Amino acid sequence: MLKFHMIESGYFLGDGGVMFGPVPKKYWSAKYKTDENNMCEMSLRCLFIETDTRRILVDAGLGDKHDARLKFYQPSRQKNIVEEIRRIGYGPEAVTDVILTHLHFDHCGGSTLLNEQQQPIPAFPHATYRVSLAQWKNYRNPSLFEKGSFFPENIEPVYDAGQLQFVLNDMQLDDQIRLELYDGHTPGQIVVLFETKEDKFAFPGDVVPTSLNISLSWLSAYDNSVAVAMEEKKRFLDKAKKDRRILIFYHDAYTPIAKL
C-alpha cells in the first residue's frame, strides 16, 4: 500500500525572466501571474510518501536557517516541514528516508535544523538521506555559475552524522518507488517515480519545475546547461508520457499536479 501527501512548505518570488529563461516576457507573462517588477510567486511543494515499511520525505523546502540571506526572494507562508509531517501523523524520528532531488538551497533547506546551541543538525535523526553521487561531487566542487545555490549547512551535518547515502545510478527503492537521474539543470538530479493502485506519478523537481515547463523550449536561466536540460527533459517526458504518469510540480504555485 502506498499513500502520498503534498506538503505546501511555502512560497517565494522568482524573477520571471530567470524562471522561464529563453521565453520572451510577452509569452510567459500571459500564462503565469507576475507583478510590476516581473516577480512571480513560486511554490516549494514537497512530497511525503507512506508505504508499509517506509515514511519518505522528498525535498525539504527552504527551512528557516537563512531568512536574512534570502530576503531578495521574499519567502512567504513558510511552514516547518517537521510540524507538517506531524500533521500527517509522524514525528521526525519516524521518517525513514529523505530523498533530495538536488542540493540547491530551495530544495534541501529543511533537511537540517538548528539545535539549542544554534548548530545545524539533521532534522530527521533516523532517516537515510539520499542524494546522487554526481550531485554530491558537483556540490563539493561547484562551478562559479552554481556555487551560490549551495549552502553547506543544509547537507554537511547529514554527511557528518553518517546518514547520507549516494545514489550511483537509476535504482528501485522498492517495488513501487523508482529513482532516476537527469542532468542539465544540475548534474545527477533525482526524479522520483511511484505508483498507487490507481495511477502512476512522477515528482520531477527542476527537470520540469512548473506546468509551463512541459513545453520543451520553456527552460530556466538557472539551468547549468540549457541544451542538456532540454534533451534530458525530453527523455523524461517521453518516458512519462508512455507510462501515462501524473506530474507533481515543485515550483508551480497555481497548478500543483497535471496528467500528461
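Values quoted throughout were computed directly from the atomic coordinates according to the rules given, and no laboratory measurement underlies them. Keep in mind that this is a model prediction, so the values were computed, not measured. All Cβ positions, glycine included, derive from the backbone under ideal geometry; neighbour counts span all protein chains shown.
The calculated P(r) of segment 1-151, using every Cα pair and 10 Å bins from 0, goes 10, 35, 34, 17, 3 in percent. In segment 165-260, the alpha-carbon atoms span a convex hull of 101 Å³ per residue.
Beta bridges assigned by DSSP with both partners in the chain are antiparallel in approximately 75 percent of cases. The residue list Phe145, Val228, Pro120 was ranked by how far each Cα lies along the charge dipole of the chain toward its positive end, using unit charges on Cβ atoms, and Val228 comes out on top.
Within a straight-line Cα-Cα reach of under 17 Å, Lys241 can be paired with the following lysines, leaving aside sequence neighbours fewer than 8 residues apart in one chain: Lys200, Lys233, Lys259. Using Cβ point charges alone (K and R +1, D and E -1), the dipole size of segment 78-140 about the Cα centre works out to roughly 220 debye.
Summing +1 for each Lys or Arg and -1 for each Asp or Glu, what net charge is found among the other residues whose Cβ lies under 14 Å from the Cβ of Gln172?
-3
Given a 10 angstrom Cα cut-off, can you work out which residue in Arg45, Arg69, Arg86 is the most mobile in a GNM of the chain? So, out of Arg45, Arg69, Arg86, the one fluctuating most is Arg69.
A straight line joining the Cα centroids of segment 71-141 and segment 35-55 runs 13 Å. Note on segment 74-119: Cα Rg divided by 2.2 N^0.38 Å, N the number of residues, gives 1.27. Free of any GluC sites (Glu not before Pro) that DSSP assigns to a loop and that have at most 10 other C-beta atoms within 10 Å, the longest stretch within the chain is 117-197.
Rg and Dmax of segment 3-259, both derived from C-alpha coordinates alone, stand at 17.1, 51 Å. Membrane-span-like helices in the chain: DSSP H runs reaching 18 Å or more (Cα, own axis), mean Kyte hydropathy at least 0.5? Span-like helices in the chain: none at all. Note on the chain: with charges restricted to the Cβ of Lys and Arg (+1) and Asp and Glu (-1), its dipole about the Cα centre is near 700 debye. Computed about its Cα centre, the charge dipole of segment 107-251 is approximately 440 debye, with only Lys, Arg, Asp and Glu carrying charge at their Cβ. Which of the three applies to segment 84-177, rounded, prolate or oblate, going by the alpha-carbon gyration tensor with a ≥ b ≥ c and a/c under 1.5 meaning rounded? Since a/c reaches 1.5 but b/c is at least a/b, the shape of segment 84-177 is classed as oblate. Summing charges over neighbours of Thr96, with a neighbour being any other residue whose Cβ is under 14 Å away from its Cβ, gives -2 when K and R count +1 and D and E count -1. Here's the picture: charge each Lys and Arg Cβ at +1 and each Asp and Glu Cβ at -1 in the chain, and of Phe48, Asn169, Gly16 the one pushed furthest to the positive end of that dipole is Gly16.
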